[in-house]
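Input: a single structure, listed below in C-alpha cells.
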There are 2 protein chains.
Amino acid sequence: MNYKIRAARKEDCKDIARMIMELAVFEKMPDQVNISVEELERDGFCPNPFFECLIAEMSDEHNSKCLTVVGYALYFFTYSTWKGPTVFLEDLYVMPEFRGNGVGKGLMSKVAKVAKEKRCVRLQLAVLDWNSPARDFYAAKGAQDLTDSEGWHFIRFDGLSLDNLVKEAPKD
Amino acid sequence: MNYKIRAARKEDCKDIARMIMELAVFEKMPDQVNISVEELERDGFCPNPFFECLIAEMSDEHNSKCLTVVGYALYFFTYSTWKGPTVFLEDLYVMPEFRGNGVGKGLMSKVAKVAKEKRCVRLQLAVLDWNSPARDFYAAKGAQDLTDSEGWHFIRFDGLSLDNLVKEAPKD
C-alpha cells in the first residue's frame, strides 16, 4: 500500500473528529473529548485558523483512485521568548491497522518541514509518561524530554479556576 | 503606587526583551535566550502575530505622568482537539522591586479575561518544578498540575534532531 500526505480540507473534519476520538481512547481519556465536526470546521478553516492539519491517505492496491484517510497530524504555531517561532504538534495518529508503513514518521517529518519553512527552530509536543513506544521513538530521534531534563510541568486553569481568575481582573 | 495594564505596543519591545532576559536569569537559563528586539517587533506586531503581550506600568507617586514598565504577560492561542481554543501563557514577569502590589495577579487575570473573550475554555502554562512560589500560587488558584496528575511530559526537537526529521520527509 502507498500513502500520501496532504493538507487537510474542511470536508476532512468528519474523519479528523473520528480519529481524535480514537486517539483519546488510546490515551485512556475518551470522556474528555468535547469537540464537534462543526467546531473543527470553524476553528481550522477560517482566515486566522487556530490550527493546521495534515492528512495521510492510503490507496487501495487494486484501485489507486480509492483513497482511505488513515492518519492525521494536527499542529499550530507557538512562540518561545528565548528562540522565536515554534511548532507544537498537538496530535499525531495513525489507525492501528495501517501502522508499520512509515505513515507516522512521514506525518511527523512533514510537520518538521512546515516548521522549517515557517522559520521555526523547535518542534514541541506533549506525551504521556506511560506511552513508552512514543517516548522511545522521540528519544531515538534525538528529542529532549524537558520534564525530565529541566523539570517543566504543565499547568492548566479551566472551569471554575479560570472563572475565578477572570473575576479578579482589574478594570480597564 | 498605582499600576495599569495595557496591550503592548511595538515600541515596548526593548523593555520586553530586557524583562525576558531578567526572567531567564531567574529561571537559571540565561544562556538559552537568543531573541532580539527586532525579532520581537517582527513576530508580535505583524498582521498574524505569533504572540500577544500585556504590559504593566507603575506611575510615580509624585508624578502620575511618569510611567515605568514593571512587568509583562506574553501569551498566544493554541488548540485542544478535545476542548477547542486555549490560551497559553508563555511568560509572566514582574520586576522584583515592584512585587507585592498585585501586579502579577492583575496580569494573569487580564490574560484569563482575554481567554474568555476569545471563547477559550483553558489557560495553560509551564512551570519549573523547583519554582515553589509559582506552583503554590497556581495550586491555590485551583489550577491542575497535569504532569503530576496525568503524566504529561514536554518533548522538544530542535537543532540536529529537527534537521534529521526534515530530511526524512516524504516528497510532495
Return the residue satisfying two criteria in turn: it lies in segment A:115-140 and is among the basic types (Lys, Arg) and more than 7 Å from chain B (Cβ to nearest Cβ), and of such residues it is least open to solvent (accessible area, probe 1.4 Å). A:Arg135
Assuming B:Asp172 fulfils every condition listed in (1) more than 30 Å from A:Lys113 (Cα to Cα); (2) more than 8 Å from chain A (Cβ to nearest Cβ); (3) open to solvent by 70 Å² or more (accessible area, probe 1.4 Å) apart from one, which condition is it? (1)
If we scan segment B:141-154, do we find a residue that is touching an Asp or Glu at 6+ places or on another chain (Cβ under 8 Å) and either more than 8 Å from chain A (Cβ to nearest Cβ) or at pLDDT below 95 (or both)? no
Can you tell me how many residues within segment A:50-68 are in contact with an Asp or Glu (Cβ under 9 Å, 6 or more places away or on another chain), at pLDDT below 95 and either under 20 Å from A:Ala7 (Cβ atoms) or within 11 Å of another protein chain (Cβ to nearest Cβ) (or both)? 2
In segment B:6-43, residues that are out of contact with any Lys or Arg (no Cβ under 7 Å at 6 or more places or on another chain), open to solvent by less than 90 Å² (accessible area, probe 1.4 Å) and among the charged types (D, E, K, R) total 8
For A:Ala73, are the conditions met, namely being more than 9 Å from chain B (Cβ to nearest Cβ) and out of contact with any Lys or Arg (no Cβ under 8 Å at 6 or more places or on another chain)? no
Is it the case, given these coordinates, that A:Leu107 is more than 8 Å from chain B (Cβ to nearest Cβ) and either surrounded by 16 or more Cβ atoms within 10 Å (Cβ to Cβ) or farther than 21 Å from B:Ala126 by Cα (or both)? yes
Could you please give the count of residues in segment B:79-104 that are open to solvent by 10 Å² or more (accessible area, probe 1.4 Å), β-branched (Val, Ile, Thr) and either in a helix (DSSP H, G or I) or in contact with a Ser or Thr (Cβ under 6 Å, 6 or more places away or on another chain) (or both)? 0
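The values are calculated or read from the model by the stated rules, or taken from the named source; none is laboratory data. The structure presented is a predicted model; accordingly, all values stated were derived computationally and were not measured. Don't worry about glycine lacking a Cβ; one is built from the backbone with ideal geometry, like all the others, and counts go over all protein chains shown. What goes into the accessible areas is simple: the full protein's heavy atoms, side chains included, and nothing from ligands, DNA or RNA. Shrake-Rupley method; radii C 1.70, N 1.55, O 1.52, S 1.80 Å.
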